[in-house]
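Heads up: the structure comes next, in structure tokens.
The values are calculated or read from the model by the stated rules, or taken from the named source; none is laboratory data. Given the structure is predicted, the values throughout are model-derived calculations rather than measurements. We place every Cβ from the backbone using ideal geometry, glycine too, and count neighbours over all the protein chains shown. The area values use the complete protein model at the heavy-atom level, side chains included, leaving out ligands, DNA and RNA. Shrake-Rupley method; radii C 1.70, N 1.55, O 1.52, S 1.80 Å.
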Amino acid sequence: MAETPRNALHPDTQAIPHTQLQAAEHQYRTLFENNPLPIWVTDPQGLAILAVNQAATTRYGYSRAEFLAIGLGGVQAEALPPEDPQHALPRCHVKKDGSAIDVEISTDSLLFNGQAARMVLAHDVTQHLRTEKDLARLSRAHSMVTACNEALVRASSESTLLHDICRIAVDIGGYRMAWVGFAQDDVEKTISIVAHAGSIAEHFTVWPMSWSADSPYGQGPAGRAVRTGEMVVVPDIRREGIFQNWLKEPWVNDLRGVASLPLRSTDSGAERTLGLFYLYANTTVDIASEEIPLLQQLAGDIAFGIQHLRTQENKRLSDAHIRHQATVLDQAQDAIVVRGMDQRVLYLNKRAEQLYGWTSQEAVGTTLLHQVYRNPVAIAHAYQTVMEQGEWRGELAIYRKDDQRIEADVRWTLITDAHNQPHSILSISSDITQRKATEREIEKLAFYDTLTLLPNRQLLLDRLGHALATSARHGQGGALLFIDLDNFKTLNDTLGHDKGDLLLQHVAQRLGHCVRSMDTVARLGGDEFVVMLEELGHDPVAAAEQAKRVGEKILSTLAQPYQLDQHEHLSTSSIGIAPFSSSPNTVGELLKQADIAMYQAKAAGRNTLRFFDPQLQAAVTDKAALEADLRLALVHGGLFLHYQTQHNALGQMTGVEALARWQHPTRGMVSPAAFIPLAEETGLILELGRQVLLQACTLLASWHGRHSAEHLTMAVNVSSRQFKHPGFVRQVLDILQSTGARPSQLKLELTESLLVDDIEQVITKMEALQAQGVGFSLDDFGTGYSSLSYLKRLPLDQLKIDQSFVRDVMTDPNDAVIARTIIGLGQSLGLNVIAEGVETADQRDFLAQHGCRAFQGYFFARPLPTEQLSHAMAVSAQADGVHIGQFI
């Protein structure tokens, strides 16, 4: 500072003595120079600097000369007010280095070198104002955090909370803009803004953002905060190169600092950054260091709030889902129960309450396992299976609260927690009581005889198959007993089928008492029963002895009288026994063997038992083969007819009898005695009889116009089964019509067995055919059911004496008497009598002597094929009275 003139800083020096004036000037000069505050002396306008103290040059960096050169306008832009004094005027001063400081100036008027001047004193308040600003910002930060916490408490949804947080940061925190974004796990690792506030937010949200380290959009504070999980603060974005392109936008011109706060959450024990809270400050707001902990605390609170809301939302959705599931489960038809690993009930639906009888309030928290399931072995197995395999399913008996037993299909599933540890067991049970009862009823109908409640054929075959397999494995012997009641049909015919059914029930009960519990008693059908004996030992002879003793016990037991309502009935049985052991046997073979043995017992006189004879089986096998061949022969026309002539007492031919013949391709000529009974037994007699009748009538029709054959008859045998067929009459008439044969020349030979059943129906059919001209002969008379009362009612034309009486008529007096009686009976009833089997002249003469006028047999001719018959007829016509046998 230039030397200060005398009286330069004194306001008034005129009245002061010189010595005192010098002392005062020195004092004022010392105060001016040593004052710690910058002081300037300016002209009255406050423009030119006239003097400056040491504090001013030190604080502002200008020298005294520089201050005098630049004036006060070089330090402050705003001029001083014209009046004095001024106190604490706020001004911004610029130091020589260009930095700005905030000051408060005071002014006053004075005389300087005798001239009016102004003294300007500056008080640096920069730090004070900065402290005030920091305190204000910190106060706003506290207010912002408090408001945000209140928003967190009130928040009911995540979206509302985040928008409120952003708005509070702008309105209360004083930030220019705030937004919240979430880090996405997509390929680009984008950051999606979900909430924002501030006047420029709409501009900023269009900028792409990423948290990928490889993306150019992931290099800013947002990306770094997400990746590192640390808060990123940029005090001045103009000093960061990453913001240079962004700063070109006009709406960014007043932005200054940014803070990117990561939102961290804990998921399954691991901490991760789910998003960030981003704040922008303008030029009037700085991010002070004291504010950072508050912002970090706020970020943690926001993250906690988000996680809490998400947990609540998940719980709400979970609760809603559970309520929905509970509603659905309550509507389920199955009983659903959840048990903890301590077996305590955690949940049961409405159907479970109905099924078990316990309410949810009664059951939850209790252990009902052993009250509901009372089979500890089965429960232990089910529990072990579900723990080892995760699931078990089976059928169990369930006991209700009222102790009622229910059959159920039960499925247990192991439920594990997030760490794959067992948490609970889900039990789903379906009431199958009715289904099981139905299945048992179906099984009963399928495998048990409804009348006797014994196993039927199907179940017997199944058990027999198991028994044979067991016998083959272990070498244990067994036996099959085939039991047939003797004369059961007679009981049905005389006392009725209801008494027959009652007898079968009694027999079933008695058979059950004759065997062990391990043995099987079954009814095959009709009056046939089977007893299967198992585990009779390894010795076949001993096993057969045991089977015999059981069979004899059965014979004795079944022979005891039966009380059938008011009737006492005696019945016997015939038993066939087929042993089995380790030797291979099929079920079918064993049944067949027992059946054969049973028929052997029947043939032995009934009320006895027989063991299977292998030779008998060979005969049965041959019989079965013969039956099959016979069926083929009937299909392919393999049967044909031979004809045996019939003659009167003069030897003249009066007719023929059609006799079936079968030429087998390998067996040769099969005897009628072999295949006719087989046809009767198998039902093939119906087709066989039709073919015989058709062939005979065809030949009979060919005789039309032949004078030598006009008087001849055609005798055709008709079986009892064939005659009883409902369509028999219609069949005969149709064949007569189709062939053109004369009914008057047709004679049907019936057997006496036909007269046993429904004689009225027999008479009706005979009369219907007789009305058309068909004649009838009673064949084998005297060998079967002979009743004179029926005989006289039948529309017969002829009686035939059986050849068994004719054969010994010359040597057996009894046969001679029978033959004479039949002849006499026929004469008394007005019937012709013919004797069959006449082989000698003596037989013919004896029969003729006692009135028989018709004969048939080898004495006259053997059965002839059609060609030889035609020749015999021609010879007979030329030489009446001459035996045909002499010409053939």
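With unit charges on the beta carbons (Lys and Arg positive, Asp and Glu negative) and the dipole taken about the Cα centre of segment 535-681, which residue among N607, G638, S556 sits farthest to the positive side?
Ranked along the dipole, the leading option is G638.
Setting aside same-chain residues fewer than 8 positions from K436, which lysines have a Cα under 16 Å from its Cα?
Those lysines meeting the cut-off are K444.
So how tilted is helix 866-878 from the main axis of the chain? Cα-based, degrees 0 to 90, rounded to 10.
20 degrees
Just to be sure I understand the model, the point goes 7 Å from the Cα along the line to the Cβ. What's the resulting T698 to K489 distance in nm?
Rounded to a tenth, the inter-label distance reads 3.3 nm.
Give the carbon-plus-sulfur fraction of the accessible surface of segment 453-549 in %, rounded to a whole number; probe 1.4 Å, heavy atoms of protein chains only.
51 percent
Under 23 Å between alpha carbons, and skipping anything fewer than 8 positions from K350 in its own chain: which lysines qualify?
Leaving aside lysines fewer than 8 places away in the same chain, those within reach of K350 are K401.
Whose amide H sits under 5 Å from the amide H of G638, counting only residues 5 or more places off or on another chain, with H placed in the peptide plane?
none
With +1 assigned to the C-beta of every Lys and Arg and -1 to the C-beta of every Asp and Glu, and no other charges, what is the dipole magnitude of the chain about the Cα centre in debye, to the nearest 20?
The calculation lands at about 600 debye.
Cβ under 15 Å from A437's Cβ, A437 left aside: what net charge do those residues give with Lys, Arg +1 and Asp, Glu -1?
-2
Using each residue's phi in segment 500-508, evaluate 6.51 cos²θ - 1.76 cosθ + 1.60 at θ = phi - 60° and report the 3J(HN,Hα) Karplus result to the nearest Hz, with x for Gly and Pro.
x, 4, 5, 4, 4, 5, 5, 4, 4
Accessible area of segment 151-199 with a 1.4 Å probe: how many percent of it is carbon plus sulfur?
Ligands and nucleic acids excluded, carbon and sulfur give 50 percent.
Give the long-range amide H neighbours of L609: residues separated by 5 or more places, or on another chain, with amide H under 5 Å away, using H modelled in the peptide plane at 1.01 Å from N.
I575
Could you run the Karplus curve 6.51 cos²θ - 1.76 cosθ + 1.60 with θ = phi - 60° over segment 118-129 and give me ³J(HN,Hα) per residue in whole Hz, x for Gly and Pro?
10, 9, 10, 10, 10, 10, 5, 10, 4, 5, 4, 5
Whenever you get a sec, compute what percent of the accessible area on segment 704-813 sits on carbon and sulfur atoms (1.4 Å probe).
50 percent
Could you state the angle between the C-alpha long axis of helix 158-171 and the longest principal axis of the C-alpha atoms of the chain, as a value from 0 to 90 degrees rounded to the nearest 10?
10 degrees
Placing unit charges on C-beta atoms (Lys and Arg positive, Asp and Glu negative, everything else neutral), compute the dipole magnitude of segment 608-743 about its Cα centre in debye, rounded to 20.
200 debye
On a 0 to 90° scale, report how tilted helix 18-34 is relative to the longest principal axis of the chain, with both axes built from alpha carbons and the result rounded to the nearest 10.
The angle comes out near 20 degrees.
Provide the per-residue ³J(HN,Hα) series for segment 528-545, in order, calculated from phi with Karplus coefficients 6.51, -1.76, 1.60 and θ = phi - 60°, each as a whole number of Hz, with x at glycine and proline positions.
9, 10, 10, 10, 10, 9, 10, 6, 8, x, 8, 8, x, 5, 5, 5, 5, 5
Taking K and R as +1 and D and E as -1, what net charge do the other residues with C-beta under 9 Å from the C-beta of W703 add up to?
Spelling it out: positives minus negatives among the neighbours equals +1.
Given the DSSP H assignment, sum -39500 (n - 2.57) over each helix run of at least 4 residues in the chain and divide by its residue total; what's the result at 222 nm in deg cm²/dmol, nearest 500?
The helix-only estimate for the chain comes to -13500 deg cm²/dmol at 222 nm.
Let's see if you can work this out: charge +1 on each Lys and Arg Cβ, -1 on each Asp and Glu Cβ, no other charges. What is the dipole magnitude of segment 530-641 about its Cα centre, in debye to the nearest 20?
Numbers: 9 positive and 13 negative charges, 50 e Å.
Charge dipole of segment 530-641: 240 debye, to the nearest 20.
Can you work out the accessible area per residue across the chain, with the rest of the protein chains kept in place, probe 1.4 Å, in square angstrom?
50 Å²
Give the long-range amide H neighbours of G537: residues separated by 5 or more places, or on another chain, with amide H under 5 Å away, using H modelled in the peptide plane at 1.01 Å from N.
The answer is G477.
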